[in-house]
Every structure is written in structure tokens, then in C-alpha cells.
Amino acid sequence: MKLNIRLFAGLAGTIGHSHITIHIEQSAITAGQLKTYLIEQYPHASEMISLSFIAKNQTYALADEILGEQDELACIPPVSGGETQSGNSLHHITCDPISIDVVSQLVIVPQHGAAINFVGTTREFTEGKRTVLLEYEAYMPMALAALEQISREIDKQWPGTLCAITHRIGQVAIGEISVVIAVSAKHRLECYEASRFAIERLKQIVPIWKKEIWEDGSEWKGHQKGPWDPTANPFAKDGFDHE
């Protein structure tokens, strides 16, 4: 069986390719077995592979999920969480500068009395180290699907709440906007809670990676809040257990 696997960000850099093809004798393999195989084949990238998740047809696969030759596969390292712009009416990934007003207008509706914007920008200093530029990369179709998933989760937890997300990819200079999340609801409490949920969830499940570029080097940055598990229940931790 032949499997084609996409690689991203620091994992692609470590292995040296954005796509790899492997040949195995069995007719099927689980996501967990594939990770083990990749670790054996690429021992110099074993630490990063062990932290990664296998994606099957643009969805995170559980360890025991069966993978086949017909599946679209990717090895997703911890996230940081086209046409120059792609997406549906509420969710976009773009190479262009982001307008806060354009994103916020997507969620302003007559039946809602509260709206809030979260704006992420490139800061110059992190832990005393000067950043000169950020560079973002996305697994475009899966990233857009994950943004839509976040909106569905928000609507389920806070019914009727609207959420629009636009994320920039490519190079983002100091002070420029990398992401805008606009949320509207009937009341302000839902807005605050849903906005916080959206940015934390984005950093947990959306396959977008950030490279910090310094004056003397660069590094891909991934999830930095303990063990990364994009398949975990989003409402079972971090104060979001409302069920």
C-alpha cells in the first residue's frame, strides 16, 4: 500500500520535504501505527512526530482509526494557533492585510445587542528577544474546516451567537494584524465567553503555524500550553465546562 502524507511548518523543515510517500506491505494501517512507522523512518524528527497528530481527509484521526490508500493524509505538528483569500462568508484565510471593520460587520445583526472583536498583532519583543517578522503557514482546507467547527461549537454552547474569523498567512510585520475574531450575541456575557473560547480553540485545533523570525535566526512556534490534543473535549477544561 502506498500512502502520500503532507508535512507542514517545522516538521517539513526538519524532514526536508512538504510531502513524503511511504510503501507498506499491509493493506491498512492505523493512525497510531503510522506515527510509529514515521518515527522509525525519520529518527531525527522523532520528538516532533511524537507530538504530532495524523489528519485523515482534513480531520484529526484518533490513534486506532484505520487509514487507507485513498485517504488524504497529513502529519500535523502542534499548531500555533490560494487565491489570496479563501473561505465562506464568516471565515477567511488571506495573504492580504486584515480590516477589523470588515470582519466585525459580518456579525452585526439587528437581533444582537453586543459585539466584541479580538485582534491579534505581531509584537516586537517576546521574553526579551526581538522579533523582526512573523510568518504564518496553513493547511488551507483543513484550517477553514476547523474555523467552521469553532463556530458550530460556539453556537451549540451559546445558541444564536455569531463568530467570524479571519486569519492572515505569509509574512506579518511588527504591529500588523494576524487574526481578527468578531463575535456578536444578544448579551455581552456570551460575547466575552465565546470570544475567549474562539481564540483558545483556534490555537488548539486550527492547522496554522507561526514562524518567529529574529535578527539572528528563526523558529517555528507551536502549541505552548502543555500537552497538545486537538481531539480533546473543548468544554472539559480551561473554565469552559458548562455542561
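Annotations
- Subset of the stretch 115-131 [more than 19 Å from the chain's Cα centre (by Cα), hydrophobic (A, V, I, L, M, F, W, C) and surrounded by 14 or more Cβ atoms within 10 Å (Cβ to Cβ)]: A115, I116
- Those residues of the stretch 1-25 which are assigned to a strand (DSSP E or B) and open to solvent by 20 Å² or more (accessible area, probe 1.4 Å), in sequence order: K2, N4, R6, H19, T21, H23
- Flag for V183 being of a type outside the set (F, W, Y), out of contact with any Leu (no Cβ under 9 Å at 6 or more places or on another chain) and either modelled with pLDDT of 95 or more or farther than 28 Å from Q58 by Cα (or both): no
- Test for F8: is it modelled with pLDDT of 95 or more and among the aromatic types (F, W, Y): no
- Among all positions in the stretch 80-101, there is no residue which is in contact with a helix residue (DSSP H, G or I) (Cβ under 7 Å, 6 or more places away or on another chain), at pLDDT 95 or above, open to solvent by less than 30 Å² (accessible area, probe 1.4 Å) and of a type in the set (G, A, S).
- Residues located in the stretch 178-220, provided they are surrounded by fewer than 18 Cβ atoms within 10 Å (Cβ to Cβ) and either among the small types (G, A, S) or in a strand (DSSP E or B) (or both): I213, W214, G217, S218, E219
- Matching residues, the stretch 29-44, being open to solvent by less than 40 Å² (accessible area, probe 1.4 Å) and not hydroxyl-bearing (S, T, Y): I29, A31, G32, L34, L38
Here is a yes/no grid of residues against (1) touching a Ser or Thr at 6+ places or on another chain (Cβ under 6 Å); (2) modelled with pLDDT of 95 or more; (3) within 21 Å of C191 (Cβ to Cβ); (4) polar (S, T, N, Q):
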residue: K129; (1), (2), (3), (4): no, no, no, no
residue: E148; (1), (2), (3), (4): no, no, yes, no
residue: E153; (1), (2), (3), (4): no, yes, yes, no
residue: C163; (1), (2), (3), (4): yes, yes, yes, no
residue: V179; (1), (2), (3), (4): no, yes, yes, no
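- Annotation: of all residues in the stretch 51-79 being small (G, A, S) and either modelled with pLDDT under 90 or in contact with a strand residue (DSSP E or B) (Cβ under 6 Å, 6 or more places away or on another chain) (or both), the one that is surrounded by the most Cβ atoms within 10 Å (Cβ to Cβ) is A74.
The values are calculated or read from the model by the stated rules, or taken from the named source; none is laboratory data. What you see is a predicted model; the values in this text were computed from it and never measured. Glycine gets a Cβ as well: all are built from the backbone with ideal geometry, and neighbour counts include every protein chain shown. These accessible areas exclude ligands, DNA and RNA; they are computed on the full protein's heavy atoms, side chains included. Shrake-Rupley method; radii C 1.70, N 1.55, O 1.52, S 1.80 Å.
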